[in-house]
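These notes are about the structure you will find just below.
The values are calculated or read from the model by the stated rules, or taken from the named source; none is laboratory data. Note that this is a predicted model, so its numbers are computed, not measured. Note that we place each Cβ from the backbone using ideal geometry, even for glycine, and neighbour counts take in every protein chain shown. When the accessible area is computed, the model is the full protein with side chains, heavy atoms only, and any ligands, DNA or RNA have been set aside. Shrake-Rupley method; radii C 1.70, N 1.55, O 1.52, S 1.80 Å.
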Amino acid sequence: MTATDVEVPAGPGGSDRNSRRWWALIALLLASFMDLLDGTIVNVAIPSLQRDLGTSDSDAQWVASGYALAFALVLITGSRLGDIFGRKNLFVIGVAGFVLSSALCGAAQGPGMLIAARVLQGAMAALMVPQVLSTLMATFPPKEGAMVAGMFGGVSGLAVVSGPMLGALLIKADVFGLEWRSIFLVNIPVGIIALVGAVLYVQNTRSEHVQRIDIVGSLLVTAAMLLLVYPLLKGRDLGWPAWTYVSMALSLPVLALFAFVQIRKGRAGKSPLVEMSLFRKLPFNAGLLIGFLFFAGLIGFFFVFMMYLQIGRGFEIMHAGLTALPWSLGMAVGSAVSGAVLAPRLGRKLLSIGALVMCAAFVALILTLHYEGTNASSWEMLPSLVVAGLGMGAVVSSLFGIVLAAVEPREIGSASGLVNAITQIGASAGIAILGVVFFTLLGSQSTGIADRVAPQLRAEMSAAHVSGPVQDKVISTFRSCYHDRMVAKDPSQTPASCGGASSGGGTTAQVPDSVTKRMAAAFEHAGSRANGENFTLALQRTLWCAAGAMLLVFLLSFLLPARARQWG
């Protein structure tokens, strides 16, 4: 791979060229931030857009998953297109398309338009994102490589963990009455800045070794990604029917066929979509596995943690966002210090240390929840979240440079696309796997939790002078209702077993209205207590999965190169 095909003109003494590189860095990082932020920020807006557009639960799920699916399907092909036609060209097209699709999302008049715009947005992001790492590696000299890699990783991590908080702020602010639309429309000014910066300052780099588009390879890898990623995104909401497992299993032979085609193209001297020589490098393969595990544990954790805060503990959206804020602050500090100071000195050791710190922070959070239970406050969780953020900053500031250290120059485009693809798959898998563990625990624990809160429910009914037989019926109803709610596939639907508890009929028909109101309040209090205990216990147990993922990242890190790749 040549450093550039179109060089940026240097000013006197080279100072102008140097300043242009840093302006280019800002444009590239802004675009990367927009993409990762958009993948997470939309989740906090789902209730708001459901009220406004009248979207069904299925439509709301597609608003979130349509972006991720389109991104995953186009990503590897988008990376190769940059190698062929110039990375700046594809980056500019991607950013412009991302801005346009964001405007369409913000202007959506119905769920169909919003879903279509989100799919387009994901596809444009897949053209934009893979060009960032490859362009940075071709633009900056080796002495600045570690710092730039740290900045890229830091911005990426900050976007991932700050999405819920920024989304909550934008929706709460409700500027010009835009409410949920603001989370999409905010991309327009940011994207325009990135677009202008790209046009003016980003170099147009490409690979010398790629001559044509691999249409067959693109179709095969798209089919394989669809078979794998679609069931990961939709399986939990559908209750994991048999076809989801069949689909994921079928992705393997399609990937094998893709690999066969790529090997034949490479031997024939043609232009394969992916350089298969990458998979003969143990450090790179270990790096892909690390990227998968890290983002699976990270994104999966944030998914269940926000469920715990908002549903289990009943935190308002701003309270939940502020509770997660210490993680973001710790990540920002950890990334800044690691990228500028520690990464050049420690290399791979920094990644190992960061993963181990995150594992320890998850264990500390487990212990906090174990001893404090449903009384655990945001302040009591703060130390664990800050430490986890510091550890994350250390990992993301060194991960990408270390993973790409064993890659040859001609393989950079393919490697960048694969790294981005595997992190996207890891994020989807993390939500699916930790989500399954979390919700399975909620259901399996529900009856026992209901029994634990039943004595207090009975005490409140006794204080209301409710007779013993009616108490027994109410408690039986509560037990069935709570269990059915916890195992329901659609949380918006009220199970049949809960009908009598809230309506004043059935078990409550034998008592005066004043007592019925007190019984309804007691029933609601019991549900709240059960939620708190159930979600807290489920989070504790699910966190062991996230801690285990970080422990595996630590162990696998010893297979990576000792130092980050020398850029330039």
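Available extension along the chain between S528 and A488 is 12.7 nm, counting 0.36 nm per residue and deducting the alpha carbon span. When E275, E533 are compared by accessible area at a 1.4 angstrom probe, the order from most to least is E533, E275.
Using only Cα atoms, tell me the angle between helix 242-267 and the longest principal axis of the chain; keep it within 0 to 90° and round to the nearest 10. Compared with the principal axis, the helix lies near 10 degrees.
Does anyone have the angle between helix 142-173 and the longest principal axis of the chain? Alpha-carbon axes, 0 to 90°, nearest 10? Tilt relative to the chain: about 30 degrees.
Extension gain for the segment I188 to R51, taken as residue separation times 0.36 nm less the Cα-Cα distance, is 46.9 nm to one decimal.
Ligands, DNA and RNA left out, the 1.4 Å accessible surface of the chain is 66% carbon and sulfur atoms. Computed over region 49-200, the range of Cα coordinates on each principal axis works out to 52, 30, 25 Å, biggest value leading. In this calculation the C-beta distance from W243 to L219 is compared with R0 = 30 Å, giving a FRET efficiency of 0.85. Taking the C-alpha atoms only, the angle from helix 57-85 to the longest principal axis of the chain is near 10 degrees. A cut-off under 15 angstrom between Cβ atoms defines the neighbours of W180, and their net charge, with Lys, Arg +1 and Asp, Glu -1, is -1. Sequence-distant contacts, meaning Cα pairs under 8 Å at least 6 residues apart, place the relative contact order of the chain at 21 percent. Taking a Cβ cut-off of under 12 Å around I76, the surrounding Lys, Arg, Asp and Glu residues balance to a net charge of -2, with basic ones at +1 and acidic ones at -1. The separation of region 31-69 from region 331-356, counted between C-alpha centres, amounts to 32 Å. When the chain is described by a simple charge dipole with +1 on each Lys and Arg Cβ and -1 on each Asp and Glu Cβ, the residue from Q471, A138, L539 located farthest towards its positive end is A138.
Over all projection directions, the Cα-based convex hull of the chain averages an area of 26.7 nm².
Along the positive direction of the dipole of the chain (beta-carbon charges: Lys, Arg +1; Asp, Glu -1; about the Cα centre), which of G548, P189, A324 reaches farthest? Farthest along the dipole direction, towards plus: G548. Annotation note: chymotrypsin sites (Phe, Trp or Tyr not before Pro) in region 150-207 located in DSSP loop regions with a Cβ neighbour count of at most 15 within 10 Å are absent.
Each stretch of four or more DSSP H residues adds -39500 (n - 2.57); spread over every residue of the chain, this sum gives -26500 deg cm²/dmol at 222 nm. Which one, C359, L100, L404, is farthest towards the positive end of the dipole of the chain when Lys and Arg carry +1 and Asp and Glu -1 on their Cβ? The listed residue farthest towards the positive side: L404. Computed with every protein chain present, the accessible area of M276 is close to 40 Å² [probe 1.4 Å]. Among the protein heavy atoms, those of I215 account for about 110 Å² of accessible surface (1.4 Å probe, every chain in place). K172 exposes around 130 Å² of accessible area when a 1.4 Å probe is run over every protein chain in place. For the chain, what does the accessible surface come to per residue with a 1.4 Å probe? Please give it in Å². Spelled out: the 1.4 Å probe surface of the chain, per residue, equals 39 Å². Based on the Cβ-Cβ distance from H370 to F176, what FRET efficiency comes out when R0 is 45 Å, to the nearest 0.05? Calculated value: 0.45.
Averaged over residues, the count of other Cβ atoms within 10 Å places the peptides 159-170, 120-131, 234-245, 359-370 in the sequence 120-131, 159-170, 359-370, 234-245, highest first.
Charge dipole of the chain (Cα centre as origin; +1 on each Lys and Arg Cβ, -1 on each Asp and Glu Cβ, all else neutral): 1300 debye, rounded to the nearest 20.
Spatially, region 160-232 and region 280-309 are offset by 20 Å when compared through their Cα centroids.
Full extension of the chain between A496 and E316 yields a length gain of 62.0 nm, computed as 0.36 nm times the residue separation minus the alpha carbon distance. Here is the short version for the chain: C105, C359, C545 have no other Cys C-beta closer than 4.7 Å. Here region 27-67 was treated as a single set of alpha-carbon atoms; its pair distances binned every 10 Å from 0 give 28, 44, 21, 6 percent.
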